[in-house]
Amino acid sequence: MSLAPDELTDNEVKSDSLLGDWYVNLIVIDKRKSLLFMNERTLLSFIATGLKKSKELTHDVHQMLIHHLFNLYKLLELPLEGLNQVMDDFVEYRQSKTASRKLLWYMNDLAHLYQVTIAYNGGIAECDLSKFIWLMNHTPQAYLNRQYSFDVAKELLLSQSGTN
């Protein structure tokens with residue numbers, strides 16, 4: 001389950017959305033294909049499990065992003081004032097290659113952390129996935145000057161809504 005080269009735009013696409021672009025990578029957790037989503041500006045992350053074969057992978061990935069992003073907001077109790085703007089930013093959806101080796105390295109590291117943490121806790125069927133997503137987003141990140149992804153996202157969202 002992967003995208004063919006002709007399904008990607010030729011150049012890296014940068015959006016002007018509040019949170020920036022989202023990266024997605026197909027990973028295997030507990031012998032199951034899963035998607036790891038990571039935000040470029042905040043390093044917010046989550047995984048989506050239970051993938052099914054589909055001829056509309058591009059559409060499915062976009063729908064998963066929107067669905068799981070809403071759930072991530074609820075899980076992390078992020079300010080809902082900025083949610084409409086963030087969702088509006090993702091009406092247009094394109095998939096492209098990335099030129100950021102640093103973010104790709106971080107995403108691979110994050111994938112490994114999810115895989116190991118879930119395996120250590122009994123696998124997908126036995127663990128509380130929400131708990132691990134919450135934990136990953138409340139872990140200090142060197143890329144963010146030791147801040148939590150959650151705090152960086154919250155600050156951006158609050159600055160957009162004018163609330164502190």
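The values are calculated or read from the model by the stated rules, or taken from the named source; none is laboratory data. Everything quoted here is computed from the prediction, not taken from an experiment. Methodologically, a virtual Cβ is constructed for each residue, glycine included, from the backbone with ideal geometry; neighbour enumeration extends over all protein chains shown.
Only one of these is under 24 Å from PHE150 (Cβ atoms), modelled with pLDDT of 70 or more and within 15 Å of the chain's Cα centre (by Cα): TYR120, TYR23. Name it.
Answer to the selection: TYR23.
Please work out which one of (1) among the aliphatic types (A, V, I, L, M); (2) touching an Asp or Glu at 6+ places or on another chain (Cβ under 9 Å); (3) surrounded by 16 or more Cβ atoms within 10 Å (Cβ to Cβ); (4) modelled with pLDDT under 85 is the condition ALA99 fails and give its number.
(3)
With respect to ASN137, is the statement that it is at pLDDT 90 or above and either of a type in the set (D, E, K, R) or surrounded by 15 or more Cβ atoms within 10 Å (Cβ to Cβ) (or both) true?
yes
Matching residues to (1) within 18 Å of TYR73 (Cα to Cα); (2) in contact (Cβ under 8 Å) with a residue 24 or more places away in the chain; (3) polar (S, T, N, Q); (4) touching a Cys at 6+ places or on another chain (Cβ under 7 Å):
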{"site": "VAL116", "(1), (2), (3), (4)": "no, no, no, no"}
{"site": "ASN121", "(1), (2), (3), (4)": "no, no, yes, yes"}
{"site": "ILE124", "(1), (2), (3), (4)": "no, yes, no, no"}
{"site": "CYS127", "(1), (2), (3), (4)": "no, no, no, no"}
{"site": "LYS131", "(1), (2), (3), (4)": "yes, no, no, no"}
{"site": "LEU135", "(1), (2), (3), (4)": "yes, no, no, no"}
{"site": "PRO140", "(1), (2), (3), (4)": "no, no, no, no"}
{"site": "TYR143", "(1), (2), (3), (4)": "no, yes, no, no"}
{"site": "SER159", "(1), (2), (3), (4)": "yes, no, yes, no"}
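Can you name the residue in the range 38-71 that is at pLDDT 85 or above and among the small types (Gly, Ala, Ser) and, of all such residues, is surrounded by the most Cβ atoms within 10 Å (Cβ to Cβ)?
In this case the residue turns out to be SER45.
Scan the range 141-150 residue by residue and report those that are at pLDDT 90 or above and within 14 Å of SER45 (Cβ to Cβ).
GLN141, LEU144, TYR148, SER149, PHE150, listed by residue number.
Is it the case, given these coordinates, that LEU83 is at pLDDT 85 or above and surrounded by 13 or more Cβ atoms within 10 Å (Cβ to Cβ)?
No.
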